[in-house]
Each structure stands twice: as structure tokens, then as C-alpha cells.
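Data block below; observations after.
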Amino acid sequence: MIKPLLNSLFIIFLGLAIGYSVQILEKNGKLHLPLNLENTRKILQKIAILFLMPVTFIGAYWIIDFTQVNLLFFPLLCLFQLILGGTIAILIARSIHMNNFDTGAFFCCGFFSNMGCIGGLICFLLLGEEGYKLAALYIFSIQIAYYTIGFPVAKYYAMKNNQQGQKIINLNAMLKDPFILIGIASIIIGLSFNISGLKRPTIFSNIIALFVPLSTILLLISIGLSMKLKKVRKYLKASILIAGIKFMIVPTVMVLLGFLMDYHQIFDGIPLKVILILSSMPVAFNSLIPPSIYGLNLDLANSCWIVTTFGLGLFLPILFLLVNLI
């Protein structure tokens, strides 16, 4: 238990530390990058999301065992988890009388979760490739959910905040988005290999073992390049509330659902462990995109993202203990 815990903490904080250090050095003129911070961040994200992660997903979907029929509900549980987090965030925002400018950003923080990057890494380090391929199945349709639910709801609150005249859902933009297209392609390719009966090359295990932590580090570095720590104190209350949603309410509900669906009784309980891990993930970097695009409170979203990402480091020992108790 100790080694995967330390490895997870090391990779998470190493990536963030490298990115934030480069940001500070570059802004102080002590480091000169070939490209500016924004372009460097985008390149790192594209390498991780458009190349490294799709390769690992192809390898994971290639050998998923679909003989357990109730595993087919995994993607639906993920969808429910996202909606649950977003709905609770909206209810809390209303109860504390947030305006639309803040509510839209707060919803994004409750809805978007870092299941692919950090969640996938923890599943791999703690549960091995068996855990990682189930994590890939769980987040099967996450990008589509982001664009068909997360972005439209955020835009709805932006329009309520006097930004009128926009389409709630832009289907054309979704169909042209490379992140969605590559994600769907990796699923189709992996499942096609699975159905074909073609045996996966043994080298794929080594590729996944390399690409999973590498993609996570690159994404965390890209996150560190854009971290803004100065505004956190102003939105500390909101950040703590989001942390409660991410680390307490959502995991409790999702694990109970997992028990009701008997996931603890198949594959040595690994499906339930995957649910626990992925439902306990911090705010995703994606939560910053809708506020930035639609003019919502980006500082609030940034603060919630920072607090929950670093908060995961404090929560990880508890999470690892719970996983080993299942």
C-alpha cells in the first residue's frame, strides 16, 4: 500500500511543482521558453490527450472482459456521478445565494472531475492494469458528457448573467473537436480489436506502464503552468464546499450504488475500488474552460481546482486505506 501511495503523491506534486516553477521563472525573466506559457501548456495537453492517453485506452479496451454484464453499467454510473456532483453544487450555490456569475463556475467545479488523468493514474498504481482498464470503461463517454451537459449548463448560467444570443449546444463544434474525435476513435479501435479476438501484443503492457504516468505528469505540468494562487483565499469557503462534494458526498453515494450493484463480489472487488477512486477525484482542469469561454467567475473555479487538487494529497492516505478495506 505504501509504495503506490508514495508514487501517486510524488507524481502529482512533481508535475504541479515543475509547471508552477517554470511559470514563475518565466514570468521573472529567469527562464526563456521557445513558446509562451499558454502555447507550451496547450502542446503538453495535446501530447497527453491526443496521443498518450488514446494509446493506453486502446490497450485497455482491447482486453476488457464483458462477460460480467453489469459492468456495462459502468459508463452510466460515471454519467450519474458527474450529474450528481453538478446538481449538488447548484443546490449549495442557491442555498448560500450565489449569483449566476458564481453559480455557473461553481457548477463546473462540481461537475467536472479529474477521473482520466489523476484517477486513471491512481487506479493503475494501486490496482494494476486490471484497475486501469476498468477506469477506461468507467469514463467511456466522459468527453461527450462534458460537451453535452457540462458546457451547456455553464453557458445557461452565462446567458442568465446577461449574455444572450448564443446556442446552448453547438453540435457542429462538438463534431469538429479533436479531443472528442480522438477519444471516440480510441474507443472504437480498442473495442474492434476486442471483438475481433486478435490477441493483444505483450509489449502493450509496457507501453501502458510508461504512458499512464507520463501523460499524467505532462498534464499536471500544464496545470502548474497556469496555476494562480493569489485568489484562493478570497474563495476559500467555496473551495472547501466543493472539496466536501468531491471527497465526501459523491464518493459515499457512488460506493453505495456500487454495493447495491454487487460490484464488490466480482473480480475481487476491483470494480467497486475503481468506483471509489474515480468518484473521489478533485476538480478537473476542464472546469476552467467554460468560465473562461462564457465569462463566468474564473477565479472561483481556479481556486476550487487548486484547493481540491492539493487537497487530494491530504485525502489520498484515507482513500488508499478505504480501497484496501473493500
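Just a yes or no: is a residue in region 73-80 under 19 Å from SER186 (Cβ atoms) and in contact with a Pro (Cβ under 8 Å, 6 or more places away or on another chain)? Write out each step before concluding.
Taking region 73-80 first, the residues under 19 Å from SER186 (Cβ atoms) are 74-75, 78-79.
From what's left, in contact with a Pro (Cβ under 8 Å, 6 or more places away or on another chain): 74.
There is at least one residue in region 73-80 that is under 19 Å from SER186 (Cβ atoms) and in contact with a Pro (Cβ under 8 Å, 6 or more places away or on another chain).
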* Tally time: how many residues in region 144-159 are touching a residue at least 60 places away in the same chain (Cβ under 8 Å), closer than 25 Å to ILE277 by Cβ and open to solvent by 20 Å² or more (accessible area, probe 1.4 Å)? -> 1
* Structure fact -> Within region 260-275, residues open to solvent by 10 Å² or more (accessible area, probe 1.4 Å), assigned to a helix (DSSP H, G or I) and within 20 Å of ILE83 (Cβ to Cβ) come out as LEU260
* Within the bounds of region 56-78, is there any residue that is part of a helix (DSSP H, G or I) and closer than 25 Å to MET227 by Cβ? -> no
* Evaluate the following for THR252: is it open to solvent by 30 Å² or more (accessible area, probe 1.4 Å), at pLDDT 90 or above and either part of a helix (DSSP H, G or I) or touching a helix residue (DSSP H, G or I) at 6+ places or on another chain (Cβ under 7 Å) (or both)? => yes
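Between LEU229, LEU300, LEU312, LEU241, which is outside any helix (DSSP H, G or I), under 18 Å from CYS109 (Cβ atoms) and not basic (Lys, Arg)? Break it down stepwise before answering.
Working: LEU300 fails: outside any helix (DSSP H, G or I); LEU312 fails: outside any helix (DSSP H, G or I); LEU241 fails: outside any helix (DSSP H, G or I).
Being outside any helix (DSSP H, G or I), under 18 Å from CYS109 (Cβ atoms) and not basic (Lys, Arg) holds for just one of LEU229, LEU300, LEU312, LEU241, which is LEU229.
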* **When residues of region 1-46 are limited to those that are open to solvent by 60 Å² or more (accessible area, probe 1.4 Å) and part of a loop (DSSP other than H, G, I, E, B), the one nearest to ILE277 (Cα to Cα)** => MET1
* Index of the failed condition, GLU130 passing every other in (1) within 22 Å of ASP299 (Cα to Cα); (2) open to solvent by 50 Å² or more (accessible area, probe 1.4 Å); (3) of a type in the set (D, E, K, R) -> (1)
* Structure fact -> Of (1) assigned to a helix (DSSP H, G or I); (2) in contact with a Phe, Trp or Tyr (Cβ under 8 Å, 6 or more places away or on another chain); (3) open to solvent by less than 10 Å² (accessible area, probe 1.4 Å), PHE320 fails just (2)
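Quick check: anything in region 125-136 farther than 26 Å from PHE267 by Cα, of a type in the set (A, V, I, L, M) and under 17 Å from the mean Cα position of the chain (by Cα)? Spell out how you get there, then give the answer.
We begin by selecting, within region 125-136, every residue farther than 26 Å from PHE267 by Cα; these are none.
No: region 125-136 contains no residue that is farther than 26 Å from PHE267 by Cα, of a type in the set (A, V, I, L, M) and under 17 Å from the mean Cα position of the chain (by Cα).
Quick grid of which residues meet (1) surrounded by 13 or more Cβ atoms within 10 Å (Cβ to Cβ); (2) of a type in the set (Ser, Thr, Tyr); (3) modelled with pLDDT under 80:
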position: ALA136; (1), (2), (3): yes, no, no
position: ILE142; (1), (2), (3): yes, no, no
position: ASN161; (1), (2), (3): yes, no, yes
position: PRO178; (1), (2), (3): no, no, no
position: GLY183; (1), (2), (3): yes, no, no
position: GLY190; (1), (2), (3): yes, no, no
position: PHE211; (1), (2), (3): yes, no, no
* Asked: From the set of residues in region 219-246 that are open to solvent by less than 30 Å² (accessible area, probe 1.4 Å) and farther than 30 Å from THR40 by Cβ, which is nearest to the chain's Cα centre (by Cα)?
  -> ILE245
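Could you run through region 171-226 and say how many residues are part of a helix (DSSP H, G or I), among the hydroxyl-bearing types (Ser, Thr, Tyr) and touching a residue at least 40 places away in the same chain (Cβ under 8 Å)? Can you show your working first?
Of region 171-226, the ones part of a helix (DSSP H, G or I) are 171-176, 178-196, 203-224.
Okay, now just the ones that are also among the hydroxyl-bearing types (Ser, Thr, Tyr), so 186, 192, 196, 205, 215-216, 222.
Pick out the ones that are also touching a residue at least 40 places away in the same chain (Cβ under 8 Å) and you get 186, 205, 215-216, 222.
Residues meeting the conditions: 5.
Among what's in region 65-102 and is among the polar types (S, T, N, Q) and under 23 Å from the mean Cα position of the chain (by Cα), pick the residue that is surrounded by the fewest Cβ atoms within 10 Å (Cβ to Cβ).
THR87
The values are calculated or read from the model by the stated rules, or taken from the named source; none is laboratory data. Computed from a predicted structure; not experimentally measured. In this analysis, Cβ positions are derived from the backbone assuming ideal geometry, glycine residues included, and neighbour counts consider all displayed protein chains. The accessibility values were calculated without ligands, DNA or RNA, using every heavy atom of the protein model including side chains. Shrake-Rupley method; radii C 1.70, N 1.55, O 1.52, S 1.80 Å.
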